[in-house]
Each structure stands twice: as C-alpha cells, then as structure tokens.
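Below you'll find the structure, written out as structure tokens, and then a few comments.
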Amino acid sequence: MVRQSALVGHACAAGANIVWGLMAPIAKIVMVGGLISPLVLTDLRVFGAAVLFWVASFFAPKETVTKPDLIRLFFASLFAIVFNQGSYIFGVGLTTPGNATILTSTMPLWAMVLAAVLLKDPITLKKLIGILMGAAGALTLIMSKTELAANPAIESNIWGDLLVASAQLSFAFYVVRFKDLVARYNLFTTMKWMFTFASICALPFSLSAIKETAWLALSFEEMLSAAYVVAGGTFLAYLLIVVGQRNLKPTVAAMYNYVQPVVGCLAAAMIGLDTLTLGKGFAVLMIFAGVYLVTHSASAKEQAAIQEKQLEVLRRRQEHSRH
C-alpha cells in the first residue's frame, strides 16, 4: 500500500510538471498580443480555477473545515497561488520564456533548504548530488535553445527574472510548510478554499483591468492559450501536485520541477522550433538520474527507522502465527 501511494505520488508530481512545462510559451502567446495583461491572465487563472474547483467539489464528499485550518488555508493560498502565480506571470511578461524556465529549476534547491530548516529533513550527499545533477541537466537543455537568436524582439529584464525566482521560493515554502494541511482534507475541499481566498485577495487590484480588457478582440489561438492556462496549467496541475505533495517528501515532490525543461525541449522539437541532439539526450538522462538519486536518498537514520518498522511488523506476524 505504501509503495502504491508513492507510485501515485510520483506519477502525479511528474504529470503536474509536464503540464507546467508548457506554461511559459503558451502564456507568452496570450500576452504577446497585448490584449491581455499579466495581471488579467493571473486573474483568469485564479478566478477560473476557483469556479472549476467549486463545481467539482459538489461531486466530492462533503467536509467541514475547522476555523484554524481555514486560517492556514488562507496563508497557504498566499504562497501557493497569489505570490506564486502573480510573480510568475508578471515575470514571464518581463523576461524570456527561456530565462523563466531556467529560474523554475531553482525550486527544488529552495525546497531542500527549507525542508532542512523547517522540517529538519537531512541534506544527504546523495540528495545534494541528485539535485545538482538535475539542475545541470536542466540548464544544459535550456541553454541549448536558440529562442533569442530566432526572435531578438523578446528581451530579458532583471525584474522579470527576480519575479520568476521569487515565485519559485514562494511555492517551495508552500510545498514544505503546508504538507500536513493538504493531506487533512480531500483535494477539492482544499483547493476550492485556497482559490477562493486567492480570488478575494486579487479582486480589488484587478476589477478595473478585467473590465477594460477587449475580450471580443482575442483571436482563437489566444482564447485556446488562455483556456489551457486556466484548465490545464491551474485546475489540473494543482490537483496533481497536491496528490504528489501528499504522498512524497517535499524535496522529492519539488525535484520533479526538472521535468519542465524536458517537456519544453521535446515540444519545441515536435513543432520544428528545435532539434534533438546527443547532448540534449545526455542532459535528459542527467535529469532523470538526479530524480532517481533524490527519490532514493533516505539518510542512515531514516533507513534505520524503516528497517526497525519492518522488523516490528515481522515480529508481530511471527507472534500472531504462534497463537
């Protein structure tokens, strides 16, 4: 049962990051036209996902959330949604998709440090090597792109880079600090309240911008891109990442962030914007080798605890068989 839960956690964490791997170029499509600002796109994500989670919650088991947990869900929504999505979308609007993808690779490093400080999760040598291998592979993939040469009109801005980096720190804090909270209730209860609180926080700053947006002037491609950002990059991805967060250690769940540049590279090759080379293939192997090391990086103390539990189970079975 434990192994099955871990497999589900790995699959969902990978799935969420596959969906997020397409977010930077797709979000850029929406904003390049200039009709939808970064603020309005962020609002679309938050408000749209809130509606979808409330609708889905009507088909889920009914739960009552305690007042202390509602307060914690409010703060979880700030770090996981308001600060994370707001900083990311504004950052992508001010920098290149390549730079944005590079900076998303910092999230596992933040998660490892925060888990060590807040949860006393030891930073083992294997875990450190795995994260560094994943980072090296991700950077190799990203630096091999020719995006800037192909489109010199897309420029990088230091404020955009800082905003994307702060988005990763914010989400890493959420993954580490609120792991116990998201496991307490079903997925839809947790997410509907988090996105409701995020909507309340965002509405005062965005109502006028939403009214001024020329919605009818959007092209079909821009509408599809916006729909993907809401339904895929927000609703589906947040469902998957919560399942991963429940069943994996924070550092392991965060490690799947390195899947995003792999997805971006493969997608670019499929549509003819990039090519696959032996160097890129080696970078992908480095990423997955890094993921493997981190997922098998239990410290000596943790391994001893696992062995002790296994021995205890064996003793109980032997005692039961004697009787």
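The values are calculated or read from the model by the stated rules, or taken from the named source; none is laboratory data. All of these numbers come straight from a predicted model, not from anything done at the bench. In this analysis, Cβ positions are derived from the backbone assuming ideal geometry, glycine residues included, and neighbour counts consider all displayed protein chains.
Of note:
- Screening Asn151 on (1) within 26 Å of Ala227 (Cβ to Cβ); (2) surrounded by fewer than 23 Cβ atoms within 10 Å (Cβ to Cβ); (3) modelled with pLDDT of 80 or more shows it passes everything except condition (3).
- Filtering segment 44-92 to residues that are over 19 Å from the mean Cα position of the chain (by Cα), part of a helix (DSSP H, G or I) and among the small types (Gly, Ala, Ser) leaves Ala56, Ser57.
- Filtered by the rule that a residue be of a type in the set (S, T, N, Q) and either under 13 Å from Leu52 (Cα atoms) or crowded, with 17+ Cβ neighbours inside 10 Å (or both), segment 207-250 gives Thr213, Ser225, Thr234, Gln245, Asn247.
- Checking Pro204 against (1) touching a residue at least 12 places away in the same chain (Cβ under 8 Å); (2) assigned to a helix (DSSP H, G or I); (3) surrounded by fewer than 18 Cβ atoms within 10 Å (Cβ to Cβ); (4) not polar (S, T, N, Q), the condition it does not meet: (1)
- From the options Phe53, Phe58, residue that is modelled with pLDDT of 80 or more, among the aromatic types (Phe, Trp, Tyr) and touching a Leu at 6+ places or on another chain (Cβ under 9 Å): Phe53
Results for (1) at pLDDT below 80; (2) among the acidic types (Asp, Glu); (3) touching a Leu at 6+ places or on another chain (Cβ under 6 Å), shown as yes or no for each residue.
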residue	(1), (2), (3)
Ser144	yes, no, no
Leu169	no, no, no
Leu207	yes, no, no
Glu212	no, yes, no
Leu239	no, no, yes
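- Residue in segment 77-84 that is aromatic (Phe, Trp, Tyr) and within 19 Å of Val175 (Cα to Cα) present: yes
- Some residue of segment 279-286 being of a type in the set (Lys, Arg), in contact with a Leu (Cβ under 7 Å, 6 or more places away or on another chain) and modelled with pLDDT under 70: yes
- Unique match (being of a type outside the set (Lys, Arg) and within 22 Å of Pro261 (Cα to Cα)) among Leu103, Leu114, Leu70: Leu103
- Some residue of segment 62-72 being more than 18 Å from Leu181 (Cβ to Cβ) and at pLDDT 80 or above: yes
- Meets criteria (among the basic types (Lys, Arg) and either surrounded by 22 or more Cβ atoms within 10 Å (Cβ to Cβ) or under 22 Å from Ser219 (Cα atoms) (or both)) for Arg45: yes
Quick grid of which residues meet (1) closer than 19 Å to Arg45 by Cα; (2) touching a helix residue (DSSP H, G or I) at 6+ places or on another chain (Cβ under 7 Å); (3) among the β-branched types (Val, Ile, Thr):
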residue: Ser166; (1), (2), (3): yes, yes, no
residue: Ser170; (1), (2), (3): yes, yes, no
residue: Val176; (1), (2), (3): no, yes, yes
residue: Val182; (1), (2), (3): no, yes, yes
residue: Asn186; (1), (2), (3): no, no, no
residue: Met191; (1), (2), (3): yes, yes, no
residue: Thr196; (1), (2), (3): yes, yes, yes
residue: Pro204; (1), (2), (3): yes, no, no
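- Close contacts from segment 112-135, counting a first residue that is under 10 Å from Val176 (Cα atoms) and surrounded by fewer than 15 Cβ atoms within 10 Å (Cβ to Cβ) and a second that is modelled with pLDDT of 75 or more and aromatic (Phe, Trp, Tyr), with Cβ to Cβ under 6 Å and a gap of 6+ residues or different chains, come to none at all.
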